[in-house]
1. Once both labels are modelled 7 Å past Cα along the beta-carbon direction, what's the B:Glu117-B:Leu27 spacing in nm?
2. Set the Förster radius R0 to 41 Å, insert the Cβ-Cβ distance between B:Gln42 and A:Lys111 as r into 1/(1 + (r/R0)^6), and round the FRET efficiency to 0.05.
3. Could you check how much of the accessible area of the stretch A:133-181 is carbon and sulfur, as a whole percent, using a 1.4 Å probe?
4. Ignoring any ligand, DNA or RNA, what whole percent of the accessible area of the stretch B:42-147 comes from carbon and sulfur when the probe is 1.4 angstrom?
5. I'd like to know which of B:Trp217, B:Thr188, B:Thr166 lies farthest towards the positive end of the charge dipole of the protein assembly as shown, counting +1 on Cβ of Lys and Arg and -1 on Cβ of Asp and Glu.
6. A drop of at least 40 square angstrom in accessible area, chain alone versus all protein chains together, probe 1.4 Å. Which residues of the stretch B:81-116 meet that?
7. Mind running the shape call on the stretch A:36-133? Use the C-alpha gyration tensor, a ≥ b ≥ c as the square roots of the eigenvalues: rounded below 1.5 for a/c, prolate if a/b tops b/c, oblate otherwise.
8. What does the convex hull of the alpha-carbon atoms of the stretch B:42-147 project to on average, in nm²?
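The values are calculated or read from the model by the stated rules, or taken from the named source; none is laboratory data. What you are looking at is a predicted structure, and each value in this text was computed from that prediction instead of being measured. With ideal geometry, Cβ positions are generated from the backbone for all residues, glycine too; neighbour counts draw on all protein chains shown. Heavy atoms of the whole protein, side chains included, go into the accessibility calculation; ligands, DNA and RNA do not. Shrake-Rupley method; radii C 1.70, N 1.55, O 1.52, S 1.80 Å.
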Amino acid sequence: MKPLLIAVYAATLLMAGCSRKSNQPAPLQSTATGTAIVESSGGKQIGYAGMLLDQPVVVQVNDASGNGVAGTAVYFSGPAGVSFAPAAALTDSSGQVTSTVELGQQAGRYKIVASTRDKSGKAIDLSLDEIALGYQQTVGAQLNTQYCVRCHDPESTPQRVSNMDNLSVKPHPFTEGDTLNKMSDADLVAIISHGGPALNKSPQMPPWGYTLSKSDIAALVSYIRAVADPPYQAGGLVYAQK
Amino acid sequence: MKNNLHALWQLFFGDSARAFGSASVILLVLLAVAPAKNHFSQWRHYQKQYLHLIRGRADAVTLERHFQGGIQQIWIPEQQVTDRCTTCHLGMKEASLADVSSVAFREHPVIPHKLTEFGCTTCHRGQGAATTVEEAHSATEQWEQPLLPAKYIEAGCGQCHLENQTGTPFLNQGRQLIVSYGCTHCHTIKQGDGTYVTPDDDPPSLKHIADKTTREWVYAWIKDPQAYAGTATMPNYHLSDDDARDVSAFILAQSTPLEPPLQPVKADTKTPADPAAGTSLYGQSFCASCHAMQNAAGMMVGGNVGPELTGIGTKAKPEWLQDWVANPNHYDPGTMMPHYRFDAAQVATLTGFLESKVEPDFVANVHLDAATPEQVEHGKRLAVENGCASCHEINGIKKPENFAPELSRIGSKPLNQLIFVEGVEHSLPGYVAGKVRNPRAFGPSLKMPQFKFTPQQIDAITTALLALTDRAQSQPPTMRIASVQQSKYQPAGNAGQLMGDLRCFTCHMINGHGGDMAPDLTWEGTAVQREWLTQFLKNPETLRPALIRRMPKFNLRDAEINTLADYMMTVYQTPEFDRDSLPVSQFNPAQVEQGRQLFYSKFACQSCHIADYKNDKGYIGPALAATGKRFNAAWVYYWLKDPQALRPGTIEPNQHMTDDEARALTAFLMSLKSGGAQGAMKK
């Protein structure tokens, strides 16, 4: 009987050690509860494997009438390797909690969860997707910034004015999975290498096959696949909590 | 108890037959230990799991054929690689296993190198020869280099690649930060190829500082540089009020007056007749290409080549501003700032404008009594102790040698040579990041000052430092991709002197020397027409509508413009072709028309360029409406045929045109002569 007990105890210890509890800090004392948790900002970011996301994740706990609730405990959790700072906090006066996120070591899509409890103690979860680029997609991301983004992204920044408005045929941002997911890899390679006419599209999409290498173009394709929203089915691994 | 033991002995060794039997069993068991250990070893367990995994997959047969049991090893003696990682990581080369969730068996993500040529530990670190998970991945007593966390993985690339690479943005950023924050003023970094990392933050000389600013400002600045300008790269030394008082006393006391001395400000520049004149002259001179300033809406606008100017009126004395605007070489012969040819009225206007940019709060609470000799003496001691002269020229203090530890091999530093403190992870990356984040946490008496970096910048700098390994120093030179080093090119003669005075090289690259903010001018003489060049130097027009950085208007005299134009037109010529080899007179109207068709339909150039301001809108590339006045036809032709051949790295796509197409397009572009310096850019 005794050995059995010891074995059970050891196994429990082992399991406790293995399952990453580090994301789950001591419970906080909520002074109020909300009925919903919503994203303020920071979801669907394009980050890099193992690295901090550029922007923190900001979530808000609301009451039934949609106003922020202060003093509510919010817990962040994610698949193994994702870390949050802080992993738990009380909402501020506007009902918000801000956490910086470091993604796991592998490229892919990470599902992270912000969670709070309602009056009855029931958990209310908000799930957010974040993207971690690997080496090849990072190359693609850099090439995109250098060669493509000014036509393909409608947003302007102080350093970079979007050229999209100046085109008579509007290209798609690469995140537009609805359109890009329907194109095969071969089609993507064709239009990027030989320009719009390769797929009977506008020559306003120039050919890049004599400027970029084959591996550059493969990198662009893998980037386009990685950032698609909705996700491309074969776009890589999805990491979620077990 | 004793009886029991005796009975046991009797049972197994009571007579010779029993003894022999028992001994044989024991021997057998002992003999079996080694194979059993082997049989139950971790890696066998992984190989079994792997086989189990692949047998359930559609391409099981192929995968099984690739599978080789037993210990696997990548052995590359000249790189000191003996990596057995592939004993367990069995799917590294299997493209069909890209979707496997276990890292152990997944295909290695796409990288430009072959596993068999570089091994695993070259980039990932860890103990290559180990055959257990623990020993291979983690730090053990005999082996201090655990696996490198993924966020620093670009450090692996940086051991061989000293150049900027597309795929390593963090390594590039970290190296850039090390250069622009001047880390190597104090720390020596010698790279594997023997070159030294040199800072480019250009800290000012303090030899005449009293001409420029007040002791109060110096005091407030050393207490917190970033309170004056968020972009300031000078770190915080966390000096006490008394120490800052004494250092400011010394800094002012050592200052000597400029020769010849500054002139008093003549008129009352602070209350100009036309208050808008300063703003518009600041704008016309494109000061914002290099300097940032907060605008009325509180937005920071401008470049970061020179210091931020939001509070310049609080910092600089009027007579210094006047002198500096008139000719910065007087105060600082090594400055990156060009010598504009402002006339006296313009100097007064700009001086008044800059004087009005004040941040009185910055010095509002600084009240200093006149310094005593003891304070000055103590201040000097502090300046020596803190290594101020590592960065700044200071009268009476020599630049210290090796003021801080050399970092050339910091990426291989043995942990037992490092002192860890509470809150810093016990690993090399933890130590390096901790030092960059908060150096004083390692001991209050340590001298390294506090920089203001974001967590992301700290990771980038740590990546760049971790690339400085023993391997980076000792590997065969053939493995190394050198960084692009600046050449020593200096143009000769009058033109050379003029180009130095105007600081052309702050922005333009010529023959491998200079900045990358503006186009490379190495072959400018082949590209453009002399007429256009002189016009442009007189009155730079906006060539690229979408760029914020613009060529400044220097107010050059005609003779100066001629000197520059003559020099550039004769010297900056490509050897590849003759600029006069394609006379425009060869082109006929049919060709021009064919070119127009190609421009608007086949190649859709109007996506990025403007040929006609009425209809075209594209503004990624330069406007082409005045090509016929600006360029030489041969340059246009060869550019169209292969843009990267004339300017490596340009983003203009090579359209793979036929000779006929390129000629027709050249004919069309050369027929465009509208606009010019003025008028064209009305939009």
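1. 5.5
2. The pair B:Gln42/A:Lys111 has a calculated efficiency of 0.85.
3. 50
4. Numbers: 3330 of 6110 Å².
Roughly 55 percent of what the probe reaches on the stretch B:42-147 is carbon or sulfur.
5. So the residue we want is B:Thr166.
6. For the stretch B:81-116, once contacts with the other chains are taken into account, B:Arg106, B:Val110 lose 40 Å² or more.
7. Prolate shape, in that a/c is at least 1.5 and a/b is the bigger ratio.
8. With the hull built on Cα positions only, its mean projection is 6.8 nm².
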